[in-house]
Amino acid sequence: MFLCRLDELPDGDSRGFDPARTGQDTVLVVRQDERVFGWRDACPHHGGTPMAWRKDEYLNAARDRIVCAAHGAQFDVATGICTLGPCLGQRLHSVGLVVDDNEIHIRET
Ligand code: FES
């Protein structure tokens with residue numbers, strides 16, 4: 001499923017998507033250099049709480065951790081493991097992505 005073009009997501013930025021058209025973003029994507037990481041926008045601390053503090057804003061100031069706006073949990077961008085906060089050691093659920101011809105897609109299973 002197509003999400004966006006790679007060049008629409010600047011290096012070091014994040015973006016939320018609503019691929020299932022639920023009315024709220026359920027997938028977040030972070031770009032680091034030419035790599036993209038996809039995670040469900042659902043914090044493991046409280047039963048899948050959406051994490052953005054504002055539309056498309058999922059990262060800390062250093063742009064190296066995903067942050068949950070609810071209680072400040074921080075997650076490694078590449079592994080999804082919580083490195084700080086109330087769900088320490090738990091992890092985000094991965095969303096498989098494919099980058100093809102400058103387009104980011106969710107990998108079909
Ligand atoms: S719901 Fe995410 S840190 Fe509490």
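The values are calculated or read from the model by the stated rules, or taken from the named source; none is laboratory data. Just so we're clear, the structure is a prediction, and the values are computed from it rather than from any experiment. Virtual Cβ from ideal backbone geometry, glycine too; neighbours counted across all protein chains shown. Protein only, heavy atoms only, side chains kept; ligands, DNA and RNA dropped before computing areas. Shrake-Rupley method; radii C 1.70, N 1.55, O 1.52, S 1.80 Å.
Structure above, values below:
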read-out: Sites matching trypsin sites (Lys or Arg not before Pro) across the range 25-60 that sit in DSSP coil, with at most 13 neighbouring C-beta atoms within 10 Å; value: Lys55
read-out: Accessible-area value, Asp64, 1.4 Å probe, nucleic acids and ligands omitted, Å²; value: 70 Å²
read-out: For the range 87-108 versus the range 22-67, the gap between their alpha-carbon centres in whole angstrom; value: 11 Å
read-out: Simple label model, 7 Å out from Cα along Cβ direction - Ser94 to Thr109, nm; value: 1.2 nm
read-out: Once exposed loop GluC sites (Glu not before Pro) are cut out (DSSP; at most 12 other Cβ, 10 Å), longest piece of the chain; value: 35-107
read-out: Tail fraction, Cα-Cα pairs, the range 2-106, threshold 20 Å, whole percent; value: 31 percent
read-out: Gain on full stretching of the segment that runs from Ile81 to Arg21 - 0.36 nm per residue minus C-alpha separation; value: 18.9 nm
read-out: Accessible area of the range 2-106 belonging to carbon and sulfur atoms, whole % at 1.4 Å probe; value: 48 percent
read-out: Per residue accessible area in Å² of the range 2-106, where ligands, DNA and RNA are left out and the probe is 1.4 Å; value: 52 Å²
